Amino acid sequence: MKYQVKPLPQVNLPELRTVGKPLRKVDAMGKAVGDTVYAGDYSMPRMLHGKVFRSKQSSARITRLDVSKARALPGVACVITGFDVPNARLVSDMPGQTGQKQRAGSDVPVLASEQVRFYGEPIALVAAETLEIADKALSLIEIDYEPLPGVYDPLEAMKPGAPVVTPPDNIVARWKIRKGSMESGFEQADLIVENTFRIPYQEHAYLEPEAGVAWIDERGAITIRVSTQVIEHFRTIARAVGVRQNKIHIQGTMVGGGFGGKEDITIEIYLALLAKHTARPVKMVYTREESFLAHAKRHPYVIKHRTGVKNNGQITASKIEMISDSGAYPYLSPYVLLYTTVMAPGPYRIDNVQVDAISVATNNPYTSAFRGFGGPQACFAYEQQMDDIARQLGLDPLDVRKVNYLRTGDCTATGQVIESATWLEETATRAMAALGEQTPDYGSVKIGQGFASYFQSYGRITWMHDTSQAWVGLELDGTVTIRAGVPDLGAGQANSLCQIAAEVLGVPLERVTIYTTDSALTPLSGTSTATRQLYMSGNATLMAATNVRNVLLNRASKHFEEEIEALDIADGKAFNKSDPSQTLDLVDLAKMCASEGMHLSNLALFKAPFTDPINPETGQGQVWPDFTFGSFAAEVAVDTETGEVTILKAAACHDIGRAINRAAAEGQIIGGGMQGLGYGLMENLIVKEGVIKTPSLSEYLIPTSMDYPNIQAIILESGTGLGPFGAKGIGEPALTPAAPAVASAIANALGVSIPEIPITPEKVLAALDLP
Amino acid sequence: MKPQMITLHINGRTHYVALNPNLTLLVALRDLGYTDVKCGCEKGDCGACAVFLNGVAVNSCLVLAWQADEAEILTAAGLGTSEHPHPLQTAFSDAGAIQCGYCTPGMIISAKALLDQKPHPTDAEIRDAISGNLCRCTGYAQIIQAVQSAAEKMDAGGEG
Ligand code: FES
Ligand code: FES
C-alpha cells in the first residue's frame, strides 16, 4: 500500500428507514420493460415531421436563400426562414446575473438569415407530411454563400485584426480573481513551477438524440413534449416565438441522457414555430449526425499555471491564466468560464492568487454546459501542476497536496469560507488503497499509479437566487403523491424525492408516486443542472413532507393523548414510541384529518443562500452554496513501444455527505468516472476549420464495456452537506477527477507528463521522444 | 418505390403491413408502436435498436424490414411486463443498471442472447456480449452485475 489510509472523524448519522437504502428506483422497471415513453416515441394525430436546414459553411454571408421550390413540393406544410421570424432570437448570456453587462449582439438568431457563424447553424425549418418529403424539401432549398474569413483558434481570435465573429470584438467574457499579493507570494517561494495545459472538446454523446413533439392545445397553448433538462425555458421560448409565457406548456419526458447537452434549448423553438405556423402537431427527432452538429460541446481550454512553492510543497503563490473557446455564440460560456476561474487553484489553501480568464468567440462549434461545467478542465490543470511540483521538489504527490489541502473553515480563492467537511486526504488515500499493490512492469510495458483530488460546487451560483418547489400530499388510502417540475435524466432525480418523502411520511417507497417535469401542472423545481436537484428539490420535498407529517402528528397526538414528540410514523402507521403496540393506521389518520378539514398536502419553496455578485475587480465573494470533495485513483499500463495505455484498475472515493439511494449514488460515481476516463484517453472530437470531422459514434468513440475496468466506488458520508439529511451533490463531481488521475498514473509510469488530453498513443510516443 | 406487403410476427402478434422496400426494421417496428426499440444512430454503432430476429440478436437499424418478412421478432417489451418481468428486467431494475434507460432495451436483448447460449457467463463474457451496446450513463459495472444476478436467478428458477 502506497499510503496510510487517513482515519475518518467520528460521524453520528441517524439511522434512517428508507433514505440511504439501495432501493429499486421508481423509474427503473418502466424503462426495463419498455413502458417508458421517450420524447421521440410520441405521435399525435395529423402529425407533421419537422427538419432543420443547416449551414454548410463555418463563416459566410448568405447572399441568396430561395425556399420556393421546397415550399411548392407537395406534402410540405411550411418552410420558415429567418426572414419570416425576424424577432426570433435567443438571449444567451442572461444579463444582470453575472455582474457583467450583456454584450451587444451576443444573442443568437434562431434562424440565420444574413450571416452564418458556424458549420451547422440553422437557417430554415421545414414541416412535411412524411420524413421523406421533409428531407426532399431540404434538398430543394437553394442557398448561395459568400465566404467570410473565419477564425478557428481562440488565440488568433484575440489578436488585433482577427476576423470578428460578432461585433464589437471576440471577447465573450472575462473573469478575474485577486487575492493577496503576487509579489510577496512569489518572493516567499523556493521554487517556481510553470506549465501550460491543453484541454479538448468533449461531446455528450447521450444515447437519445434530441427529440420532441409540439401541438397547439384546446386553450391555444403551444404544448411541447420534449427531452430537456430545463422546463423553465418556456419563458425564453415564449419570447422567441412571440406568445405569452402562459401559452407555452412544456411537458418534459424522461431524458435519454443529458449531461448538460440538453441544458440549453434544443429543438423547442423550432417545434413551437412549426406548430404555430401550421396549426398542426409537429415532431422533430435529430439524427445522430445532426445531434453532433446541433448541440454545444465542452469548452476547450488553454490553462497556464505559474506556482510558487516552498521546499516542503507549500504553495505561496498561484498565478493562472486561461482562455476558453466559446465558439460562434456565447450560450453559457461566461458562466462556464466563471466556474473554471473560481475552481482554477484547486482544493488548496493559497494566500496569494491571481486568475485571469477569457472566453473567446471563434467560428468553431459553440460550447456550453457539460457535466462539470468548467470544473474538469480546471482540475486537469491544477492536478497536473501539483504532480509536477512534487516531481520537481522530489516529494511524494500526496505529501505536496497534504500541505495545501483545504480544511473546513478555510477560504477559497474568492474568500468563500468552506463550512462542510473537506475530506481530501481521506478520499485520496482510500482511492489509492483500493488499487492495491502496483502491478510490476513487464517487457516494454510500464505500470504507474496516480490520483487526483478535486472540489466541485453543487447548487447554482448564489447570486442567481435559486429556488425550488415541491408539493407533497397524502392520499386517503395512505399513498403519497409528489408533484415537482424536476426533469429526470436517469440519475435518480425523481426517485430521491420519493425516498425522502417515504422516509418522512413513514411509508414504503412503493406507496409513493411522483409526477414531474410539467411547466404548467407541476410546481417549478428549477433545472436539472449544476448538481442541484437533490440539494434544492430534495430540500423542498423534505420541507413539504415534513409539513404534512406535522399535520398528521398533530392529529395523532390528540388521538393518542400524547405529546407530538412521543410519536413517530413508520410502515404506514403512526405509533407511540414508548409503546409501539399503540398504532394508528395512516389511512385512518388521513381520513380523520380530511373529515376535519386539515390540509393533507403542502407546497414548499426551498431557497438556496442568496448573495450579491462577487466583486468585479477582485472576484471576492461567495459563488456557490457549498462544494463536494473527493479523489480518483488509477493504475495504468503504458506500452512504451506502441504508446497504448490500458487502465488496469480504477477507484473513486467521494464524500457525498449522505447517500439517499446508495445504488444510484454508486451509479453516478461509476458512470461519471467512465465519462471522465473517456475524456482523458479516447474521446477525440476532431474539428477542422470549424467542421466536426467525427460526427458519429464510430468516429467519436466513447467507452464501451470492453475499454475500462470496473471503477470501484467508495462512498463516504460526512453528513455535512446542505442537502436533505446532510447530502452533498455527486452528479457532476463524479466526472471531474478521472481524467487527471489517469494522466497522473501515466506520468508516474513514464516519468514524463503529458499536459494535454486525450492522451492518445501518438502523444505518449511523442512524450517518450523528449530528451 | 412501391410499397411491398410483408408479414411481421412481433412479440406474439402478427402484423400485415405495406412498407417501402428501403425501410429499416427499426423504423418499421417503431412505426408499428414498438417504441421500446430505441434509435441511437441508425448505423449499427450503438445497439439501442437490438431485437431478436428468429432468435438471433440483431441491430434492427441494419436490417431492412422486408428481410424480416415472416420472421419472429422479439423486442425487450416482449420479454415481460412490469407485473411479470423477465428476470433480466428485474435484475436490471434492482442492480442500479438503469439510469436514463435509453440503452436498456437493447442491453437486455444482448444479455438475453448471451444467457441463451451461456447460462453461467463470466464477467468477461458479459462484457464481450454487450460490447456493441453503448451506455453513456452507467459505466457498465451495474449492468454486468445485473446480468450475473439474473443468471443466478434464472438458474435457480430453471427459467429462461
Ligand atoms: S440505432 Fe441501431 S445500432 Fe444504433
Ligand atoms: S442508462 Fe443511459 S445510456 Fe445506458
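The values are calculated or read from the model by the stated rules, or taken from the named source; none is laboratory data. All values reported here derive from a predicted model rather than from experimental measurement. Cβ: placed from backbone, ideal geometry, glycine included. Neighbour counts: every protein chain shown. Each accessible area value is taken on the protein alone, full model and side chains, heavy atoms only, with ligands, DNA and RNA left out. Shrake-Rupley method; radii C 1.70, N 1.55, O 1.52, S 1.80 Å.
Can you pull out the residues in region A:282-321 that are open to solvent by 20 Å² or more (accessible area, probe 1.4 Å) and of a type in the set (A, V, I, L, M, F, W, C)? Hits for region A:282-321 are A:Val285, A:Leu293, A:Val302. Within the span defined as region A:224-236, every residue fails to be at negative phi, open to solvent by 20 Å² or more (accessible area, probe 1.4 Å), in a loop (DSSP other than H, G, I, E, B) and within 14 Å of chain B (Cβ to nearest Cβ). Scanning region A:586-608 for residues that are touching a residue at least 12 places away in the same chain (Cβ under 8 Å) and open to solvent by 50 Å² or more (accessible area, probe 1.4 Å) yields A:Lys591, A:Glu596, A:Met598, A:His599, A:Leu603, A:Leu605, A:Lys607.
Scanning region B:24-47 finds one or more residues that are among the small types (Gly, Ala, Ser) and within 15 Å of ligand 2 (Cβ to nearest atom). Out of A:Gly719, A:Gly671, one residue alone is closer than 30 Å to A:Ile500 by Cα and either in a loop (DSSP other than H, G, I, E, B) or outside the structural domain of A:Glu635 (by TED's automatic domain parsing) (or both). It is A:Gly719.
Of these, B:Ala57, B:Ala76, which one is surrounded by fewer than 24 Cβ atoms within 10 Å (Cβ to Cβ) and within 16 Å of ligand 1 (Cβ to nearest atom)? Within the list B:Ala57, B:Ala76, the selection yields B:Ala57. The residue list A:Ala738, A:Ala663, A:Ala743 contains one member that is surrounded by 24 or more Cβ atoms within 10 Å (Cβ to Cβ) and either within 14 Å of chain B (Cβ to nearest Cβ) or farther than 22 Å from A:Gln385 by Cα (or both), which is A:Ala738.
Scanning region B:102-133 for residues that are aliphatic (A, V, I, L, M), in contact (Cβ under 8 Å) with a residue 12 or more places away in the chain and open to solvent by 10 Å² or more (accessible area, probe 1.4 Å) yields B:Ala113, B:Leu114, B:Leu115, B:Ala129. Given the condition among the hydrophobic types (A, V, I, L, M, F, W, C), within 9 Å of another protein chain (Cβ to nearest Cβ), open to solvent by less than 10 Å² (accessible area, probe 1.4 Å) and under 17 Å from the mean Cα position of the chain (by Cα), answer yes or no: does some residue in region B:79-87 qualify? Checked against the condition, which is being among the hydrophobic types (A, V, I, L, M, F, W, C), within 9 Å of another protein chain (Cβ to nearest Cβ), open to solvent by less than 10 Å² (accessible area, probe 1.4 Å) and under 17 Å from the mean Cα position of the chain (by Cα), region B:79-87 yields no hits at all. If I ask for residues that are under 24 Å from A:Met44 (Cα atoms) and near ligand 1 (Cβ under 6 Å from one of its atoms), which ones from region B:27-47 would you list? Result: B:Cys39, B:Gly40, B:Cys41, B:Glu42.
Annotation for region A:290-300: at least one member residue is within 16 Å of ligand 1 (Cβ to nearest atom), of a type in the set (Phe, Trp, Tyr), in a helix (DSSP H, G or I) and in contact (Cβ under 8 Å) with a residue 12 or more places away in the chain. The one condition from (1) hydroxyl-bearing (Ser, Thr, Tyr); (2) more than 16 Å from ligand 2 (Cβ to nearest atom); (3) farther than 30 Å from A:Glu321 by Cα that A:Thr196 does not meet is (3). Once region A:262-281 is narrowed to residues that are open to solvent by 10 Å² or more (accessible area, probe 1.4 Å) and under 21 Å from the mean Cα position of the chain (by Cα), the residue that is nearest to A:Thr527 (Cα to Cα) is A:Glu263.
Per-residue answers, yes or no, for (1) among the β-branched types (Val, Ile, Thr); (2) at positive phi; (3) not assigned by TED's automatic domain parsing to the domain that holds A:Pro7:
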{"position": "A:Asp356", "(1), (2), (3)": "no, no, yes"}
{"position": "A:Ala361", "(1), (2), (3)": "no, no, yes"}
{"position": "A:Gln377", "(1), (2), (3)": "no, no, yes"}
{"position": "A:Asp396", "(1), (2), (3)": "no, no, yes"}
{"position": "A:Arg407", "(1), (2), (3)": "no, no, yes"}
{"position": "A:Thr427", "(1), (2), (3)": "yes, no, no"}
{"position": "A:Ala431", "(1), (2), (3)": "no, no, no"}
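Residue pairs whose Cβ atoms lie under 6 Å apart, sitting 6 or more positions apart in sequence or on different chains, and linking a residue in region A:672-694 that is farther than 26 Å from A:Ala713 by Cα to a partner that is not in a loop (DSSP other than H, G, I, E, B), are A:Ile692/A:Phe292.
Residues that are closer than 16 Å to B:Ala50 by Cβ and open to solvent by 20 Å² or more (accessible area, probe 1.4 Å) within region B:4-29 comprise B:Asn11, B:Thr24, B:Val27, listed in sequence order. For region A:675-691, how many residues are open to solvent by less than 10 Å² (accessible area, probe 1.4 Å) and of a type in the set (A, V, I, L, M)? Residues flagged as open to solvent by less than 10 Å² (accessible area, probe 1.4 Å) and of a type in the set (A, V, I, L, M) within region A:675-691 amount to 1. Here the condition is being under 29 Å from the mean Cα position of the chain (by Cα), under 18 Å from B:Tyr102 (Cα atoms), open to solvent by less than 10 Å² (accessible area, probe 1.4 Å) and within 14 Å of chain B (Cβ to nearest Cβ); of A:Gly252, A:Gly258, it holds for A:Gly258 alone. For region B:98-125, taking the residues that are more than 8 Å from every other protein chain (Cβ to nearest Cβ), away from ligand 1 (no atom under 15 Å from the Cβ) and of a type in the set (A, V, I, L, M), the one that is farthest from the chain's Cα centre (by Cα) is identified as B:Ala124.
Within the set A:Leu701, A:Leu685, the sole residue that is hydrophobic (A, V, I, L, M, F, W, C), within 16 Å of ligand 1 (Cβ to nearest atom), in a loop (DSSP other than H, G, I, E, B) and under 21 Å from the mean Cα position of the chain (by Cα) turns out to be A:Leu701.
The single residue among A:Pro167, A:Pro209 that is more than 30 Å from A:Ala413 (Cβ to Cβ), more than 16 Å from ligand 1 (Cβ to nearest atom), not aliphatic (A, V, I, L, M) and not in a helix (DSSP H, G or I) turns out to be A:Pro167. Residue count for region A:20-79, restricted to those that are of a type in the set (Val, Ile, Thr), away from every other protein chain (no Cβ under 14 Å) and open to solvent by 60 Å² or more (accessible area, probe 1.4 Å): 1. Scanning region B:142-160 for residues that are of a type in the set (Gly, Ala, Ser), in contact with an Asp or Glu (Cβ under 8 Å, 6 or more places away or on another chain) and surrounded by 15 or more Cβ atoms within 10 Å (Cβ to Cβ) gives B:Ala146, B:Ser149.
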